[in-house]
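Everything on this sheet refers to the single structure shown next.
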Amino acid sequence: MVESYQKIINPAPGAIETLVKQTQDPEMKWKTLAEGRNRAEWERGKRKREDERKKEKDEESEAMGLIDWQDFVVVETIEFTQQDMELELPPPTNVEKLKSMSMAEKRMASMVMEETGAGPTAASAAGAGAVAEDVEEVDMEDDDEAEEVRLQRIKAEQEQARARDVQRAAMQSRGVKIKSDYTPKGKSVA
């Protein structure tokens, strides 16, 4: 208020002349009225936006208050091992690419994810093979169990071969050529 009174008592140079000109202009009162009306509309809109934001915030807090947080139960705790950290996964797929994929390509992609993520890695598959061989040596008397282990191994190999065939067919349908003798440009072939 002190600053406002000082502006009135000691006006800026030229302020009095502009006030005199504005009072003599008959259109000036209508311009001032229009400016006041615009300001009032802006204030009304601002107040309405603030009320809407406050209402949304109140509704959200009320919805959060209605949730009974004691009803939730921990079903499972996921523990990440060192093997999970070192697992090489394919890059994530964007939404546009997923939309444009055919059903066969989607099945192939999910099979590849199962192979890399949930399926055995080369080292664990070799270890599983060694365990299977030990089992066969120990249970040679029981031919039924040995036959079952062999059938399981054959079935797993057939599934992997089928997955590779589906992947190869999907790549060929998109026009992708897979080179088996590819060498990166940075490395020289000796």
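Read-outs throughout are calculated quantities, based only on the coordinates presented, and are distinct from any laboratory measurement. Computed from a predicted structure; not experimentally measured. Here Cβ is always computed from backbone atoms with ideal geometry, including for glycine, and neighbour counts include all displayed protein chains.
With 0.36 nm allotted per residue and the present C-alpha distance subtracted, the Asp71-Glu43 stretch has 5.6 nm of extension available. Rounded to the nearest Hz, the phi-derived 3J(HN,Hα) couplings of region 6-18 under the Karplus curve 6.51 cos²θ - 1.76 cosθ + 1.60 (θ = phi - 60°) are 5, 5, 6, 5, 10, x, 5, x, x, 5, 5, 5, 5, where x marks glycine and proline. Modelled spin-label separation between Tyr182 and Lys57, with each label point placed 7 Å from Cα along the Cα-to-Cβ direction: 5.4 nm. Under the simplified labelling scheme, the Glu145-Lys106 pair shows an inter-label distance of 4.4 nm, with each label point 7 Å from Cα along Cα→Cβ.
3J(HN,Hα) along region 46-55, derived from phi through the Karplus expression 6.51 cos²θ - 1.76 cosθ + 1.60 where θ = phi - 60°, amounts to 4, 5, 5, 4, 5, 5, 5, 4, 5, 5 Hz, with x in place of Gly and Pro.
With the simple model of a label 7 Å out from the Cα in the direction of the Cβ, Asn94 to Lys31 spans 5.2 nm.
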